[in-house]
Amino acid sequence: MLGGYDSPDRMQAWLDVGGGREIADPLYGKFGMYLVGFRGDPPESLVSTKPLRGLADLKDWKFRCPPGMRTDIFVKLGAKLVVMDFGEAFTALQTKAVEGADAGTLAVNKALGLYEIAKHTTYPGFHSMPQDHLAIKRAKWESLPADLKAIVRVALEKVALDRWTATNLAGAEVARELVARV
């Protein structure tokens, strides 16, 4: 979700108490599916060879971006997008084919080695929040006894919380490392 939520708990709150379930159920139902729930990570951080202090810095900024809605948004903000595969981000930055990349969270960007080339980042991230959902065929879901439905829901909530916590901790550690470099 591009700019839709700033944290996975807000996305979950929308589903659970903000009317999201009432919207999702008929949509998933059209395909014979039942949405059990979501799992999300903190928003991604852009990497850049130049500082990105605000929207004005996106004007004419050439960066790697995956295709889809985000390209339309960044083009409207004045950026010059190069649509390429995720795996090409490192080489594109290294060869100066782009000035930045939309690749992942702080920890993912570090693991890819992007901060060895691009010294700047946006943190906290603001533009997209990686997310997954768990859906099951409605007939199968409805055939489960209540205790198994509860186990599936709680297991998804546990996985979601563990993943969000781990990603937050990893991001905070990378943020400390990047600030220490400055």
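The values are calculated or read from the model by the stated rules, or taken from the named source; none is laboratory data. Keep in mind that this is a model prediction, so the values were computed, not measured. We place every Cβ from the backbone using ideal geometry, glycine too, and count neighbours over all the protein chains shown. We work out accessible area using only protein heavy atoms, side chains counted, and drop any ligands, DNA or RNA first. Shrake-Rupley method; radii C 1.70, N 1.55, O 1.52, S 1.80 Å.
Scan the range 135-145 and tell me whether some residue there is at pLDDT below 90, in a strand (DSSP E or B), closer than 28 Å to G68 by Cα and not acidic (D, E). Checking the range 135-145: not a single residue is at pLDDT below 90, in a strand (DSSP E or B), closer than 28 Å to G68 by Cα and not acidic (D, E). Within the range 120-143, being β-branched (V, I, T) and out of contact with any Ser or Thr (no Cβ under 7 Å at 6 or more places or on another chain) holds for one residue alone: I136. So is D102 surrounded by fewer than 22 Cβ atoms within 10 Å (Cβ to Cβ) and under 19 Å from the mean Cα position of the chain (by Cα) or not? Here the answer is no, as D102 does not meet what is asked. Exactly one residue among G19, G40, G32, G68 is at positive phi, in contact with a helix residue (DSSP H, G or I) (Cβ under 6 Å, 6 or more places away or on another chain) and not hydrophobic (A, V, I, L, M, F, W, C), and that residue is G32. Looking at P26, P51, just one residue is open to solvent by 30 Å² or more (accessible area, probe 1.4 Å), touching a helix residue (DSSP H, G or I) at 6+ places or on another chain (Cβ under 7 Å) and at pLDDT 90 or above, and that residue is P51. Every test in (1) within 28 Å of L58 (Cα to Cα); (2) open to solvent by 60 Å² or more (accessible area, probe 1.4 Å) is passed by A79 save one, and that test is (2). Has the range 117-125 got any residue that is open to solvent by less than 60 Å² (accessible area, probe 1.4 Å), touching a helix residue (DSSP H, G or I) at 6+ places or on another chain (Cβ under 6 Å) and farther than 25 Å from M69 by Cβ? Yes, the conditions are met somewhere in the range 117-125.
The single condition among (1) open to solvent by less than 30 Å² (accessible area, probe 1.4 Å); (2) under 21 Å from the mean Cα position of the chain (by Cα) that F38 does not meet is (1). Within the range 4-23, being surrounded by 13 or more Cβ atoms within 10 Å (Cβ to Cβ) and outside any helix (DSSP H, G or I) holds for Y5, D6, S7, G18.
When K62, K96, K76 are checked against the criterion of being closer than 14 Å to T49 by Cβ and out of contact with any strand residue (DSSP E or B) (no Cβ under 8 Å at 6 or more places or on another chain), a single residue qualifies: K96. Taking first residues from the range 160-182 that are among the hydrophobic types (A, V, I, L, M, F, W, C) and partners that are assigned to a helix (DSSP H, G or I) and open to solvent by 40 Å² or more (accessible area, probe 1.4 Å), the Cβ contacts under 7 Å between residues at least 6 apart in sequence or on separate chains come to V174/K110.
Being touching a Phe, Trp or Tyr at 6+ places or on another chain (Cβ under 8 Å) and under 26 Å from L169 (Cβ atoms) is a property that A79 lacks. Every condition in (1) over 28 Å from M69 (Cβ atoms); (2) touching a Lys or Arg at 6+ places or on another chain (Cβ under 8 Å) holds for V174 except the one numbered (1).
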